[in-house]
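Please read the structure below before turning to the comments.
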Amino acid sequence: MELSDTPGALHETLKYFWKYDIDITHIDSRPTKHDGHFEFFVDFNPSASESTNAKLMASIKQIARSVLVLDERKVPWFPRHVSELDRVANRILDAGTDLQSDHPGFNDPVYRKRREGLAESALQHRFGNPIPHIDYSPEELKTWEAVYDKLEAFLGQFACEEYLKILPLLKEHCGYSRNNIPQQEDISRFLQKRTGFTLRPVAGLLSSRDFLNGLAFRTFFCTQYIRHHSTPLYTPEPDIVHELMGHVPMFADADFADFSQEIGLASLGASDEDVQKLATCYWHSVEFGLCMQQGQPKAYGAGLLSSFGELEYACAPYRPAGDTDVKPELRPWEPEEAAKQTFPITTYQPVYFVAESVNDAKEKMRRFCDEGLHRKFRARYNPNTQSVWVDRAVKPLPDTAAPKPGYGTKTLEA
C-alpha cells in the first residue's frame, strides 16, 4: 500500500489491524517514485471471517493512495528459521554407512562400525547444541596426515589468495595441523565470528534442495567421517578432508560466504528445475571454481582445494599435471552457461569456469539469481533472528509439507 509521508499516516492505517484483531507478521517500507510517498509491505494472518477481512481492506483503501493485495504463492516447503534445519538434516539419501561394494572400506567391519557411530551422532544433533567432540583414532590421524602433507605441497602454488590468507588463522585458532584433525565445534565458532557461517553435522548425503536450503541460513552441512586408511589419497565421497581442507577456509571469506548464501536463498521454495540450475552452478563454482589472480587461474572451489591431483591438473600451466597430459577447457564464469554444463562426478572435470575474482563470481551469481530463475518471491536473511523474510505470502504445496524433526529416509530423490 502507498501512503503519504506525513506524521501519523502509518499509525492511522495500522489501527485498523488492531480494530479487527488481525495479527501483522511483518512490515517493510521503501520510498516510491512519487515524492512524499512511501510503499509499505504488510504481511498478516487474515481473519477466519471473510467479512472482517473485507472491512479491513475497505478501511485501508480509504486512507492509502493505492492498495494491492498479493495472493499466496504455492511453493515447495522451505525452512523459515535456522532451527527448522532440524527438519531436513536427517532426510539423507544414504546413511553414511551404505558403502558400495567398490568402496575401499566395504569389507572392513571396524571402519563400517566407526561410520555407523559417527552417523548416529550426527542424526542426534539438534539446533542450539554444541557439535560433539570426536576422538579420532591413530589410524584416522595418519590418514589425515598423509593427505594434509600432500595438499600443502600444492596449495601455496595453486590456491587463491583468500584461501591462503585464512589457512594460517585456522592453524592458529582451530588446531589445523598435519597431526591433528580439528574439531568442528571450534571451526564453527571461528566461522561464526568471521562471516556468520556455522557447521552442522550430517550423517550422509542430502538432496540438492535440502543442502542448498542450509546455505540460506549460513549453515554448511558437514560430514564427520574420514576416508579409508588403505587409500588415503582417494575417496569416492566427500569426507572431512574435503569439508575441512576444501570448504571451511573459503567460508571464512566474506565475499565467498555471501556468494554461497546467495545460492541458498535462491533455492528456498524454488522449482525443481531451478534447484537443478543452482546445484549445477554450485558444482562449477563452490566445488570446482577458479578465479584469475596474477594472470593465473587459482582455485577457490573445495573439490580442487582438497584434491592435490585435480588442483594441479586444473591450474598448472605445465604438463603432465595431475598424472595426465590432458588440458581442461577454461571458460569465463557465466552462471547462465554454467547452469547448463553437464559434469562427471568420478573423474577430473573437462571444463572449469573462471571468474575474474571471488567478488566477480558473487556478483554474477546474484544477477543470475535475480534474472535467470523463475522465482515466485524474494527471500532475505536476518542474521539477528536467524530467520528469512519473504516479500509475499507463500504456502507450501500439499506434497511438500514440513517433515517432523528426526525424520530420515534413504529413498528421497535429489
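The values are calculated or read from the model by the stated rules, or taken from the named source; none is laboratory data. Fair warning: this is a prediction, and the values are worked out from it, not measured in the lab. As a convention, Cβ positions derive from the backbone with ideal geometry for all residues, glycine included, and neighbour counts pool all protein chains shown. Accessible surface is based on the protein model in full, side chains and every heavy atom, while ligands, DNA and RNA are left aside. Shrake-Rupley method; radii C 1.70, N 1.55, O 1.52, S 1.80 Å.
Consider Asp98 carefully, then state whether it is surrounded by 13 or more Cβ atoms within 10 Å (Cβ to Cβ) and under 32 Å from the mean Cα position of the chain (by Cα). Yes, satisfied. Checking each residue in the range 319-334 for being open to solvent by less than 90 Å² (accessible area, probe 1.4 Å) and under 14 Å from Pro297 (Cα atoms) picks out Pro328, Glu329, Leu330, Arg331, Trp333. Checking Leu70, Leu14, Leu10 one by one, the residue that is within 30 Å of Ser208 (Cα to Cα) and under 40 Å from the mean Cα position of the chain (by Cα) is Leu70 and no other. Working only within the range 215-242, note down all residues that are touching a helix residue (DSSP H, G or I) at 6+ places or on another chain (Cβ under 8 Å), under 22 Å from Phe197 (Cα atoms) and of a type outside the set (A, V, I, L, M, F, W, C). Across the range 215-242, the qualifying residues are Arg218, Thr219, Thr223, Gln224, Tyr225, His242. Entry remark, the range 272-303: residues being under 18 Å from the mean Cα position of the chain (by Cα) and either open to solvent by less than 40 Å² (accessible area, probe 1.4 Å) or at pLDDT below 95 (or both) number 17 in total.
When Lys74 is tested against (1) in contact with a Pro (Cβ under 8 Å, 6 or more places away or on another chain); (2) among the basic types (Lys, Arg); (3) open to solvent by less than 40 Å² (accessible area, probe 1.4 Å), just one condition goes unmet, and that condition is (3). Is one or more of the residues making up the range 3-15 in contact with a strand residue (DSSP E or B) (Cβ under 7 Å, 6 or more places away or on another chain), outside any helix (DSSP H, G or I) and modelled with pLDDT of 85 or more? Within the range 3-15, one or more residues are in contact with a strand residue (DSSP E or B) (Cβ under 7 Å, 6 or more places away or on another chain), outside any helix (DSSP H, G or I) and modelled with pLDDT of 85 or more. Those helices (runs of 4 or more DSSP H) of the range 291-353 in which 3 or more residues are under 23 Å from Glu363 (Cα atoms) and out of contact with any Pro (no Cβ under 8 Å at 6 or more places or on another chain) occupy 302-305, 335-338. So is Glu262 surrounded by 19 or more Cβ atoms within 10 Å (Cβ to Cβ), of a type in the set (D, E, K, R) and free of Cβ contacts under 8 Å to residues at least 60 places away in the same chain or not? Spelling it out, it is not the case that Glu262 is surrounded by 19 or more Cβ atoms within 10 Å (Cβ to Cβ), of a type in the set (D, E, K, R) and free of Cβ contacts under 8 Å to residues at least 60 places away in the same chain. Test Glu172 against the stated conditions and say whether it is of a type outside the set (Val, Ile, Thr), modelled with pLDDT of 95 or more, within 23 Å of Leu191 (Cβ to Cβ) and open to solvent by 40 Å² or more (accessible area, probe 1.4 Å). In short, yes.
Condition check: open to solvent by less than 50 Å² (accessible area, probe 1.4 Å) and either within 17 Å of Thr235 (Cα to Cα) or at pLDDT below 95 (or both). Does Arg87 satisfy that? Against the criterion (open to solvent by less than 50 Å² (accessible area, probe 1.4 Å) and either within 17 Å of Thr235 (Cα to Cα) or at pLDDT below 95 (or both)), Arg87 does not qualify. Just checking, does the range 200-210 include any residue being open to solvent by 10 Å² or more (accessible area, probe 1.4 Å), under 20 Å from the mean Cα position of the chain (by Cα), modelled with pLDDT under 95 and within 26 Å of Tyr313 (Cβ to Cβ)? For the range 200-210, residues open to solvent by 10 Å² or more (accessible area, probe 1.4 Å), under 20 Å from the mean Cα position of the chain (by Cα), modelled with pLDDT under 95 and within 26 Å of Tyr313 (Cβ to Cβ): present. Among the candidates Ser271, Ser267, the residue that is more than 19 Å from Gln157 (Cβ to Cβ) and touching a His at 6+ places or on another chain (Cβ under 7 Å) is uniquely Ser271. Suppose we keep only residues that are of a type in the set (Ser, Thr, Tyr) and open to solvent by 50 Å² or more (accessible area, probe 1.4 Å) within the range 14-36. Which one would you say is nearest to Ala54 (Cα to Cα)? Filtering first and then ranking leaves Thr25. Within the range 71-120, the residues that satisfy the criterion of being part of a helix (DSSP H, G or I) and of a type in the set (A, V, I, L, M, F, W, C) are Val82, Leu85, Val110, Leu118, Ala119. Each residue in the range 38-49 was checked for being open to solvent by 40 Å² or more (accessible area, probe 1.4 Å) and of a type outside the set (Gly, Ala, Ser), and 6 of them qualify. Annotation: of all residues in the range 362-404 being modelled with pLDDT under 85 and assigned to a helix (DSSP H, G or I), the one that is surrounded by the most Cβ atoms within 10 Å (Cβ to Cβ) is Thr400. Within the range 228-267, the only residue that satisfies the criterion of being in contact with a Pro (Cβ under 8 Å, 6 or more places away or on another chain) and at pLDDT 95 or above is Leu244.
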